[in-house]
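Take a look at the structure set out below.
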Amino acid sequence: MAEHSPPESKHALAVEHLRQPEITFWSLWSDEGELMGCCGMKALDEQHGEIKSMKTAPDFLRQGVASALMTHLVEEARRRGYRRISLETGTPAYFLAAHHFYQRHGFEDCEPFANYQPDPFSRFMTLPLA
């Protein structure tokens with residue numbers, strides 16, 4: 001993803017930043033012990049979470065891994081009492097599949113949230129949970 005956005009518009013977190021206490025990270029493994037995918041969610045406040053990472057391993061694309069991870073994220077957000085979960089993704093054509101995926105899961109465009117600022121290379125989406 002890094003090659004598809006200018007440096008000032010890259011919001012993906014490095015591994016060391018995913019280890020913050022407000023971020024929870026999950027992984028999905030095959031029965032054979034292969035990493036299928038992973039996702040992370042950051043607690044922005046008591047009612048709002050942010051999807052910080054969502055990846056599917058190349059060998060497991062289009063096999064329902066991302067949907068399984070999304071189902072888990074939404075269930076966990078509801079369990080925590082969040083009223084919505086949001087995300088930031090890129091706008092270049094490379095990100096179109098992600099846009100469609102999030103829309104299929106009920107996400108809608110929204111204004112920048114948390115510390116984000118308007119950016120032509122960023123698309124902000126949210127999913128109301130209440």
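The values are calculated or read from the model by the stated rules, or taken from the named source; none is laboratory data. Owing to the predicted nature of the structure, the values given are computational and were not obtained by experimental measurement. Note: accessible area is taken over every heavy atom of the protein model, side chains too, but ligands, DNA and RNA are not part of it. Shrake-Rupley method; radii C 1.70, N 1.55, O 1.52, S 1.80 Å.
Roughly how many Å² of Asp45 are accessible to a 1.4 Å probe, to the nearest 10?
Rounded to the nearest 10, the figure is 80 Å².
Counting only DSSP beta bridges with both residues in the chain, tell me the antiparallel percent, nearest 5.
The answer is about 85 percent antiparallel.
Between segment 98-130 and segment 27-46, what's the alpha-carbon centroid distance in Å?
Taking the Cα centre of each part, segment 98-130 and segment 27-46 sit 20 Å apart.
Taking the C-alpha atoms of segment 69-130, how large are the radius of gyration and the largest Cα-Cα span, Dmax, in Å?
12.0, 34
Return the calculated 222 nm mean residue ellipticity for the chain, to the nearest 500 deg cm²/dmol, obtained by summing -39500 (n - 2.57) across DSSP H runs with n ≥ 4 and dividing by the residue count.
On the way: 3 runs with 29 residues, N = 130.
Roughly -6500 deg cm²/dmol at 222 nm, from the helical runs in the chain.
How large is the accessible surface per residue of the chain, computed with a 1.4 Å probe and reported in Å² as a whole number? Working shown, then result.
Values: 7780 Å² over 130 residues.
Dividing the accessible area of the chain by its residue count gives 60 Å².
If the elastic network links every pair of Cα atoms under 10 Å, which of Ala98, Ala77, Ala66 fluctuates the most in the Gaussian network model of the chain?
Maximum fluctuation in the GNM of the chain, among the listed residues, is at Ala98.
Between Glu75, Glu50, Glu88, which gets the highest mean-square fluctuation from a Gaussian network model of the chain, Cα cutoff 10 Å?
Among Glu75, Glu50, Glu88, the largest mean-square fluctuation in the Gaussian network model of the chain belongs to Glu75.
Report, to the nearest whole %, how much of the accessible area of segment 43-101 belongs to carbon and sulfur atoms, 1.4 Å probe, protein only.
On the way: 1580 of 3160 Å².
Ligands and nucleic acids excluded, carbon and sulfur reach 50 percent.
Binned at 5 Å from 0, what are the whole-percent values of the Cα-Cα distance distribution for the chain, short to long?
2, 10, 20, 23, 24, 14, 6, 1, 0
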